[in-house]
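Step one of this worksheet: look at the structure below.
The values are calculated or read from the model by the stated rules, or taken from the named source; none is laboratory data. Keep in mind that what you see is a predicted model, and the values were worked out from it rather than measured. So basically every Cβ, Gly included, is an ideal-geometry build from the backbone, and we count neighbours across all protein chains shown. These accessible areas exclude ligands, DNA and RNA; they are computed on the full protein's heavy atoms, side chains included. Shrake-Rupley method; radii C 1.70, N 1.55, O 1.52, S 1.80 Å.
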Amino acid sequence: MTQQKHLKRRVRERMEKTGESYTTARRHVVRSTQPQPKNLAYTHFPGSVPAAAALRILLANAGVSAPHSGEPFSEAMVFGIGGGVGAGVFAFHYEAQDISTFFIAGRHRWEDDQAWLEGATARLGVETTVRETGGAKAAHQHLQELLEVQGPVIAWVDTGSLPYRAMPEMWGGGGYHVLVVYEVDEASNVVHLGDLTDEPLQVSLETLAEARARIRKQKNRLFGITSKEKELDLAAIVAAGLEACHQGLAQARSKSFSLDAFHTLADRLHGSRAKDSWEVVFPPGKKLWTGLTSMYDFIEHYGTGGGLSRPMFAEFLEEAGEALGDARLAGLAEQYAALGRAWSQLAESALPSDVPMFKEAKSLLETKTELFLSQGEAAEAEIRAAWRRLEELAETAEAAFPLNAEEADELRRELKGQVQALNEGERQAQDEIEALLSTFPGR
């Protein structure tokens with residue numbers, strides 16, 4: 001039985017037993033997944049959060065082990081050392097195109113993968129290399145050189161240019177994403193990739209080159225590990241990760257990048273007179289449809305591991321608490337696990353299942369995620385069909401939104417209440433991090 005089929009069966013069994021969503025069940029299953037058999041020239045792990053999963057793979061291939069286990073770092077531990085959770089909320093209306101968009105993020109330094117990777121590796125005492133160029137020839141040369149000298153590397157790509165993602169053309173050029181390049185087979189014109197999926201993926205050299213070059217910023221950027229520190233102090237690196245998390249939530253460069261973003265979201269969802277209120281930016285029709293489906297998708301599926309990455313952070317705290325014998329970390333883990341469940345409930349509430357169109361959209365969003373993660377390039381046609389059906393539902397919502405004006409108003413009122421409660425819980429958890437850090441060993 002291949003790892004792919006094995007993982008898929010285990011995830012399905014857990015879903016049936018617990019009632020969890022696919023994303024949540026898979027996160028628990030891959031947490032204990034062993035790397036691919038050694039007949040491969042590299043170590044592959046499936047993952048949930050792109051930058052954390054990619055760095056975990058690089059660390060494993062470079063021989064960097066967790067000090068408390070002697071085994072490769074878990075994705076949750078890498079996530080926490082990298083700074084854990086963050087915050088970000090953006091809602092825009094583009095008058096020229098007459099479209100509205102909504103985005104919510106939950107990882108520390110979500111807006112800058114290089115800064116996140118450099119912060120995480122600095123805490124781990126790992127030296128790194130970054131290469132970037134505007135030219136295609138130099139980009140390929142950089143890739144060959146780093147693969148030969150350092151092994152697997154992280155590459156910045158445009159998600160919409162990856163065929164196995166099967167995304168609509170409108171997404172091309174704006175889907176900033178990181179993945180791992182394992183090796184390049186020039187003779188066969190094949191590149192082996194690690195992109196969260198249960199098993200490695202393959203694309204052509206031309207496809208990877210296009211995906212690397214299509215983004216305007218970070219064009220052709222690569223990130224690799226050059227050397228490592230022999231001894232790691234677990235308490236010190238856990239403390240450093242928690243410190244980065246606290247500073248990121250409290251001292252971000254703008255309110256949109258801090259916990260204040262959640263307060264603003266609650267305020268704008270209902271009863272606001274601001275020009276960026278949901279009444280204005282997301283009126284019933286295709287715009288409100290976009291806002292609600294985006295809220296669900298970004299919280300549950302867009303590289304978060306479910307629950308806006310709070311459950312992943314809880315797993316980091318749980319693992320660190322057990323390894324260090326610190327019950328305070330276990331208590332904080334419970335707080336973030338509860339926050340994760342509440343964020344997932346908000347996502348569910350945005351698309352209530354008693355409304356057939358919302359239920360179908362929710363199912364399609366989960367299906368395309370499952371197809372990508374469990375089957376990769378083999379599911380390209382099915383993923384594309386899911387995207388097409390989602391576009392059809394959006395057009396139907398423009399012509400006949402499934403809620404009347406009063407029902408839409410009440411839904412936004414309910415969502416506001418949930419976000420207000422989440423904002424309060426997030427601030428309480430942040431205060432707990434600050435209090436813990438004041439007496440934490442290794443700081």
Query raised in the report: Any idea which of Ser349, Ser374 is modelled with pLDDT of 95 or more, assigned to a helix (DSSP H, G or I) and hydroxyl-bearing (Ser, Thr, Tyr)?
Result: Ser349
**Report entry** Single residue of region 390-410 satisfying the filter (part of a loop (DSSP other than H, G, I, E, B) and hydrophobic (A, V, I, L, M, F, W, C)) that is surrounded by the fewest Cβ atoms within 10 Å (Cβ to Cβ)
**Finding:** Ala400
Report summary line: A careful count of residues in region 67-110 that are without any contact (Cβ under 8 Å) to a residue 60 or more places away in the chain and either farther than 23 Å from Asp260 by Cβ or loosely packed, with under 15 Cβ neighbours inside 10 Å (or both) gives 10
**Report entry** Residues satisfying the stated conditions in region 176-224, i.e. of a type in the set (Asp, Glu), more than 25 Å from Leu59 (Cβ to Cβ) and at pLDDT below 95
**Finding:** Glu186
Query raised in the report: Cβ-Cβ below 8 Å, separation at least six or inter-chain, first residue in region 134-154 and open to solvent by 40 Å² or more (accessible area, probe 1.4 Å), second assigned to a helix (DSSP H, G or I) and not small (Gly, Ala, Ser): which pairs?
Result: His140/Leu205
**Report entry** Within region 1-95, helices (runs of 4 or more DSSP H) holding 2 or more residues that are at pLDDT 95 or above
**Finding:** 50-61, 75-81
Report task. Note down all Cβ pairs under 9 Å where the first residue falls in region 112-125 and is free of Cβ contacts under 8 Å to residues at least 24 places away in the same chain, the second is in a helix (DSSP H, G or I), and they're at least six residues apart or on different chains. Result -> Ala122/Ala240
Query raised in the report: When residues of region 319-346 are filtered for being crowded, with 18+ Cβ neighbours inside 10 Å and not in a helix (DSSP H, G or I), how many remain?
Result: 1
Query raised in the report: Is it fair to say Gly305 is open to solvent by less than 20 Å² (accessible area, probe 1.4 Å), touching a helix residue (DSSP H, G or I) at 6+ places or on another chain (Cβ under 9 Å) and outside any helix (DSSP H, G or I)?
Result: yes
**Report entry** Candidates Asp158, Asp185 - the one that is without any contact (Cβ under 8 Å) to a residue 12 or more places away in the chain and out of contact with any Ser or Thr (no Cβ under 6 Å at 6 or more places or on another chain)
**Finding:** Asp185
Query raised in the report: Among (1) surrounded by fewer than 19 Cβ atoms within 10 Å (Cβ to Cβ); (2) modelled with pLDDT under 95; (3) in a helix (DSSP H, G or I), where does Thr439 come up short?
Result: (3)
Query raised in the report: Any residue in region 201-212 that is under 21 Å from the mean Cα position of the chain (by Cα) and over 21 Å from Glu145 (Cβ atoms)?
Result: yes
Requested in this report: May I ask you to list the residues in region 311-341 that are more than 22 Å from Ala66 (Cα to Cα) and under 16 Å from the mean Cα position of the chain (by Cα)?
Outcome: Gly340
Query raised in the report: Across region 273-301, what is the total count of residues that are under 18 Å from Ala394 (Cβ atoms), of a type in the set (A, V, I, L, M) and either more than 25 Å from the chain's Cα centre (by Cα) or surrounded by fewer than 22 Cβ atoms within 10 Å (Cβ to Cβ) (or both)?
Result: 1
Query raised in the report: Would region 356-376 turn up any residue that is of a type outside the set (Val, Ile, Thr), crowded, with 21+ Cβ neighbours inside 10 Å and more than 21 Å from Arg27 (Cβ to Cβ)?
Result: yes
Query raised in the report: If Arg253 satisfies every condition in (1) basic (Lys, Arg); (2) without any contact (Cβ under 8 Å) to a residue 12 or more places away in the chain; (3) within 24 Å of Ala386 (Cα to Cα) but one, which is the exception?
Result: (3)
